[in-house]
Amino acid sequence: MQIELTPKEFRRLLDMVYIGNWVLNSTRGEDRFADYDNLESKLFALSPALSEVWNGTIVPSRAYTEGGIHEAIAYYEDNVFYEILAEELSRRDMDYPEINDDNYDEIVTRMDRYMSEFELSGVDHLILEE
């Protein structure tokens, strides 16, 4: 297979590969998906300016990983965190129903209220009662 990309498109592809591999492997410790690591290495090897060798393996360079890509990942993680939290709190408030056509609108309405609060205050107003 052959694919033609502009330098900008190839850089975007590297960003997507890095982010995807981060999502799949960053929390796995020693139990990483090696085939994703290998593909990432293979693609980053095509861009010497964005890669370096670490322990005999081609990896994204420190300059690349510290150049803003993790801010994009953090932005995504923050949004996912708040969406999951809003859904879990909404379902908790309703005694954890299975989501179906009958309760979907109510769950979404509750989620919207939580999301509005999170947008204003983050988690500053959450209290754990003992």
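At-a-glance table
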{"quantity": "Residue within the stretch 44-66 that is within 22 Å of the chain's Cα centre (by Cα) and within 30 Å of Asp124 (Cα to Cα) present", "calculated": "yes"}
{"quantity": "Residues of the stretch 25-51 that turn out to be surrounded by fewer than 15 Cβ atoms within 10 Å (Cβ to Cβ) and either at positive phi or not basic (Lys, Arg) (or both), as a count", "calculated": "14"}
{"quantity": "Out of Ala72, Ala63, sole residue that is closer than 20 Å to Thr27 by Cα, of a type in the set (Gly, Ala, Ser) and surrounded by fewer than 16 Cβ atoms within 10 Å (Cβ to Cβ)", "calculated": "Ala72"}
{"quantity": "The stretch 1-43, subset polar (S, T, N, Q) and part of a loop (DSSP other than H, G, I, E, B), residue farthest from the chain's Cα centre (by Cα)", "calculated": "Gln2"}
{"quantity": "Residue within the stretch 64-75 that is hydroxyl-bearing (Ser, Thr, Tyr) and under 17 Å from Leu14 (Cα atoms) present", "calculated": "yes"}
{"quantity": "Output for the stretch 1-23, where each listed residue is closer than 19 Å to Tyr64 by Cα and hydrophobic (A, V, I, L, M, F, W, C)", "calculated": "Phe10, Leu13, Leu14, Met16, Val17, Ile19, Trp22, Val23"}
{"quantity": "Selection within the stretch 97-122 - surrounded by 10 or more Cβ atoms within 10 Å (Cβ to Cβ), in a loop (DSSP other than H, G, I, E, B) and under 26 Å from the mean Cα position of the chain (by Cα)", "calculated": "Ile99, Gly122"}
{"quantity": "Check on Leu46, under 16 Å from Tyr18 (Cα atoms), of a type outside the set (S, T, N, Q) and assigned to a loop (DSSP other than H, G, I, E, B)", "calculated": "yes"}
{"quantity": "All positions within the stretch 82-96 that are within 23 Å of the chain's Cα centre (by Cα) and in a loop (DSSP other than H, G, I, E, B)", "calculated": "none"}
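All of the numbers you see were taken from the coordinates with simple rules; none came from a lab. None of the values given here were measured: they were computed from a predicted structure. Cβ coordinates were reconstructed from backbone atoms using ideal geometry, including for glycine residues, and neighbour counts include every protein chain displayed.
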